[in-house]
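All remarks here apply to the structure that follows.
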Amino acid sequence: VQLQASGGGLVQAGGSLRLSCAASGRTFSNYAMGWFRQAPGKEREFVAAVSRAGSRTNYATSAKGRFTISRDNAMNELYLQMNKLKPEDTAVYYCAARPSVTGATPATGYGNWGQGTLVTVSS
């Protein structure tokens, strides 16, 4: 499956952004989907995951209560709504796909990656 992330940009602390990820090439609903991020000088880290049907989600501690992951299987789209953004959320955000069993929300093991979209949060 091919992935194309978009929606990044510059936002002030406390603001919101919505990232999107368009998928093509394979049956989107066969994949658990995740968002990851990589800040300058740091390793890539897990942000959130959603199950194949969208009924279950999993969040990193840093994202809980502020970010919401969702998907639209009819449109082959993945989303990440980010609210109350902080300067430490500044990073390149990547969407990723992993073939998974129903209900799984893995934080690791992803093999298909989009190209990333830059989110910059100013203080």
Self-check item: Filtered residues of the range 43-61 (kept if surrounded by fewer than 19 Cβ atoms within 10 Å (Cβ to Cβ) and among the charged types (D, E, K, R))
Solution: GLU43, ARG44, GLU45, ARG56
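For (1) more than 13 Å from the chain's Cα centre (by Cα); (2) open to solvent by less than 20 Å² (accessible area, probe 1.4 Å); (3) among the small types (Gly, Ala, Ser), each residue gets a yes or a no:
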| residue | (1), (2), (3) |
| --- | --- |
| SER29 | yes, no, yes |
| PHE36 | no, yes, no |
| ALA63 | no, yes, yes |
| THR68 | no, no, no |
| ALA74 | yes, no, yes |
| ALA96 | no, yes, yes |
| GLY103 | yes, yes, yes |
| GLY109 | yes, no, yes |
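The values are calculated or read from the model by the stated rules, or taken from the named source; none is laboratory data. Not measured: the values here are computed from a predicted model. Neighbour counts run over all protein chains shown; Cβ positions are idealised from the backbone, glycine included. Ligands, DNA and RNA are stripped out before the accessible areas are found, and what is left, the full protein with its side chains, is counted by its heavy atoms. Shrake-Rupley method; radii C 1.70, N 1.55, O 1.52, S 1.80 Å.
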